[in-house]
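Q: Got a structure for you, written out below as structure tokens; questions coming shortly.
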Amino acid sequence: MTFSNVGRAVTQGAAIMSLIMAGTIYSQTHFTFTSNTGNNMTVLVQASINPTVNGAAIANGDEIGVFDGSLCVGASVWTGSNITVTVWGACLIPAIVGATVGDTLRYRIWHVSTAQEIPATVTYTSGGPTYSVNGMAILSSLVANTCSVTYNGNGNT
């Protein structure tokens with residue numbers, strides 16, 4: 001590179017860094033789980049399925065958690081684009097907790113704006129609904145709704 005091109009290279013480099021730095025980075029902080037257990041399954045959540053929370057689009061920064069019973073086995077932050085959730089499986093040697101082969105996966109959303117953990121229902125295009133080592137699942141829907149129970153005074157809801 002000649003000295004006459006140094007300024008252009010620096011300017012182009014600064015422009016590229018500006019583009020890289022312009023995106024928002026979300027970190028997954030609510031759901032906790034043991035990662036890298038030695039086996040896993042991948043769940044794909046595509047933006048095109050339009051995941052919702054209480055009827056509205058899931059917000060960037062909300063977290064999608066996957067559970068085996070009450071145990072969180074993986075989570076990712078929604079970014080508005082396609083994401084994957086790595087679901088970590090149990091390992092016998094050494095003993096590490098995780099999803100058990102054949103167990104049904106359950107989903108919850110951490111809704112940042114309301115600071116609520118909300119149960120979600122999902123359907124699959126392929127794979128799922130149970131954990132399998134090296135498995136792959138693709139969601140066709142993800143809908144989270146807070147539970148609302150109305151007491152009518154006569155013992156019925």
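The values are calculated or read from the model by the stated rules, or taken from the named source; none is laboratory data. Remember, predicted model here, so these are calculated numbers, not experimental data. FYI the Cβ positions are ideal-geometry reconstructions off the backbone, even for glycines, and counts take in every protein chain you see. Side chains are part of the model used for accessible areas, which takes the heavy atoms of the whole protein and leaves out ligands, DNA and RNA. Shrake-Rupley method; radii C 1.70, N 1.55, O 1.52, S 1.80 Å.
Q: If I model a spin label as a point 7 Å beyond the Cα along the Cα-Cβ vector, how far apart are those points for S81 and N36 in nm?
A: The answer from the label model is 2.4 nm.
Q: Where Lys and Arg each count +1 and Asp and Glu each count -1, what net charge lies around A99 among other residues with Cβ under 11 Å from its Cβ?
A: Result for the local shell: -1.
Q: Over the stretch 46-115, average the accessible area per residue using a 1.4 Å probe and give it in Å², no decimals.
A: I get 45 Å² per residue for this part.
Q: Express the carbon and sulfur contribution to the solvent-accessible surface of the stretch 24-105 as a percent, rounded to the nearest whole number, probe 1.4 angstrom.
A: Using a 1.4 Å probe with all protein chains present, the stretch 24-105 comes out at 52 percent carbon and sulfur.
Q: Give me a comma-separated list of calculated 3J(HN,Hα) values for the stretch 90-102, in order, Karplus coefficients 6.51, -1.76, 1.60 applied at θ = phi - 60°, integers in Hz, x for any Gly or Pro.
A: These are the phi-based 3J(HN,Hα) values: 5, 10, 7, 10, x, 5, 10, 6, x, 5, 9, 3, x Hz.
Q: As an exercise, identify the chymotrypsin sites (Phe, Trp or Tyr not before Pro) in the stretch 55-110 lying in DSSP coil whose Cβ has no more than 11 other Cβ atoms within 10 Å.
A: Answer by residue number: there is no such site.
Q: Quick check: from the Cα gyration tensor, does the stretch 86-145 come out rounded (a/c under 1.5), prolate or oblate?
A: Here the stretch 86-145 falls in the oblate category.
Q: Tell me the label-point distance for the pair N145, T104, using the 7 Å Cα-to-Cβ offset, in nm and rounded to one decimal.
A: Distance between label points: 1.7 nm.
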